Structures are given as structure tokens and as C-alpha cells.
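Enquirer: Quick one: structure below, then a few questions.
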Amino acid sequence: MQVAADEHWPLPTTEMQPALELASTLTRADMGVLMLHHDGADALLPAACVGLSDEDRDAIGAQRSGVGPFGQAIAERRRIVIRDAPREAPTFVPLIDRLGIRTMEIQPLIGASGQTVGALGLMFRQNRTAKKQRAHMVDLTTSLLTSAVMQARMRHAAERQRLEAEQHGRAKVQLMARLSHELRTPLQSIAGYI
């Protein structure tokens, strides 16, 4: 079990790891990677993986929409099945050769309002893919994972807005206190003259 060290995900990668392990187990995949969309980089970055070393995870690297199998799954918003990985996924040839990957399945993670959340990649050393019933269970797993990430993003945004509102409120109180103090001195002098 390998988890990325990046801290920019709304949900800790250790909490997403069981979903990746479940999808890998259901499909009997030899390896799996969970790619999450990073708004700052505008790309999919590996967040968690199963059966891959840190070096292998880093070799996957950032994936942009429309480029490579992960990008194709995101751009087309559908599950991509690669039956001959060495020929159909040229961007991953060094990794494919090193790990002996024969087939790949990539399931995009798309939020309810159409935003890109990420992609789940399952890799097999044999020429096989998930059976129809198991693929359906993976779809359900990715739906739950997508929902969890979206809820975490909304919770993170709400917390940020709450902190900003608190800071705004404190600044307003400080301004009123300073304004009250600054007005009190001249008004007391004027009242004394009257």
C-alpha cells in the first residue's frame, strides 16, 4: 500500500485507500492507482496506489485531459479499456515494460454537476479485464469515492468561508472600536466647551 505524500487533497489519501483496494480486489487487478484532479496544476495526479512502488507511482506522473489513457477517460467521461497496453498506451511504455502490464481499465470520477474529480486505473499482468458484474461493483465503488471527495471539497470550502467570515467580523469589531475611540476624544472636548 503506497500513498502519495501530497497534502493538497480535500480528503486524506489514507481514507481513500480502502476504496482503491476494494476495486483492485473486486477486479483481481494486479495494480491500481487513484488519480485525483488538482485544480492548481489542472491535471490528474496520483494520490494513492496498490501494488506499485513510490517510484512507479511517480512514473505515472501528471495526466492532462485528452492526453493518454487517463486523459482520454476524463475527456470522454467514460470507462476506457486498453487490451494491449504496450501498443495502446505509448506514454506508459517504460512502466508497462518494467511491470509487465498487459491490460488496463480506467474509470473516470465525475461529480454530480459534471466536474472532474479524478480517475481510477486498474492494471492487469494478464490479458483480462473485469467481468460485467464486477465492473458494475467498481462503478458503485467509484461513485461512493466521488461522493466522498466532493463532500470533503464542500466541507473544506465551507470551513474556509467560515474562517474568512470570522476574520471579517473581527476586523469590523476592531474598526468600530477604533472609530468609537477616535470620535470620543473630540466629542468630549466639544461637549466640554458647550
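Enquirer: Of everything in segment 75-91, what is closer than 21 Å to THR27 by Cα and either among the aliphatic types (A, V, I, L, M) or buried (at least 21 other Cβ atoms within 10 Å of the Cβ) (or both)? Give them in sequence order.
Expert: ILE80, VAL81, ILE82, ALA85, ALA89
Enquirer: Now for a separate question. If only one of LEU175, LEU109, LEU183, LEU179 is in contact (Cβ under 8 Å) with a residue 40 or more places away in the chain and surrounded by 10 or more Cβ atoms within 10 Å (Cβ to Cβ), which one is it?
Expert: Within the list LEU175, LEU109, LEU183, LEU179, the selection yields LEU109.
Enquirer: Which members of segment 25-41 meet the condition of being touching a helix residue (DSSP H, G or I) at 6+ places or on another chain (Cβ under 9 Å) and of a type in the set (Ser, Thr, Tyr)?
Expert: THR27
Enquirer: Follow-up question, since we're still on this one. With respect to VAL3, is the statement that it is at pLDDT 80 or above and β-branched (Val, Ile, Thr) true?
Expert: Against the criterion (at pLDDT 80 or above and β-branched (Val, Ile, Thr)), VAL3 does not qualify.
Enquirer: Determine, yes or no, whether ASP56 is farther than 21 Å from HIS38 by Cα and of a type outside the set (A, V, I, L, M).
Expert: When the stated conditions are applied, ASP56 does not pass them.
Enquirer: In segment 156-172, is there at least one residue being outside any helix (DSSP H, G or I), over 17 Å from the mean Cα position of the chain (by Cα) and either of a type outside the set (Gly, Ala, Ser) or more than 30 Å from ASP30 (Cα to Cα) (or both)?
Expert: No: zero hits.
Enquirer: A follow-up question, please. In segment 97-110, which residue that is outside any helix (DSSP H, G or I) and among the charged types (D, E, K, R) is farthest from THR142 (Cα to Cα)?
Expert: ARG102
Enquirer: If you don't mind, another one. Looking at segment 77-96, can you tell me whether even one residue there is assigned to a helix (DSSP H, G or I), under 20 Å from ASN127 (Cα atoms) and touching a strand residue (DSSP E or B) at 6+ places or on another chain (Cβ under 7 Å)?
Expert: Yes - at least one qualifying residue is present in segment 77-96.
Enquirer: Just checking, how many residues over segment 111-137 are at pLDDT below 70 and in a strand (DSSP E or B)?
Expert: Total meeting the criteria: 0.
Enquirer: Select from segment 52-76 the residues that are in a loop (DSSP other than H, G, I, E, B), in contact with a Gly (Cβ under 8 Å, 6 or more places away or on another chain) and free of Cβ contacts under 8 Å to residues at least 40 places away in the same chain and list them in ascending order.
Expert: Matches in segment 52-76: ARG64 only.
Enquirer: Okay, next question. Quick check on ALA152: is it in contact with a helix residue (DSSP H, G or I) (Cβ under 7 Å, 6 or more places away or on another chain), of a type in the set (A, V, I, L, M) and either within 30 Å of ILE82 (Cα to Cα) or part of a helix (DSSP H, G or I) (or both)?
Expert: no
Condition check ((1) of a type in the set (Ser, Thr, Tyr); (2) within 10 Å of the chain's Cα centre (by Cα); (3) under 14 Å from ALA148 (Cβ atoms); (4) buried (at least 16 other Cβ atoms within 10 Å of the Cβ)) across all residues:
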residue: GLU15; (1), (2), (3), (4): no, no, yes, no
residue: LEU22; (1), (2), (3), (4): no, no, yes, yes
residue: THR27; (1), (2), (3), (4): yes, no, no, yes
residue: MET31; (1), (2), (3), (4): no, no, no, yes
residue: HIS38; (1), (2), (3), (4): no, yes, no, yes
residue: ALA41; (1), (2), (3), (4): no, no, no, no
residue: CYS49; (1), (2), (3), (4): no, no, no, yes
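The values are calculated or read from the model by the stated rules, or taken from the named source; none is laboratory data. Please read all numbers here as calculations on a predicted model, not as lab measurements. Methodologically, a virtual Cβ is constructed for each residue, glycine included, from the backbone with ideal geometry; neighbour enumeration extends over all protein chains shown.
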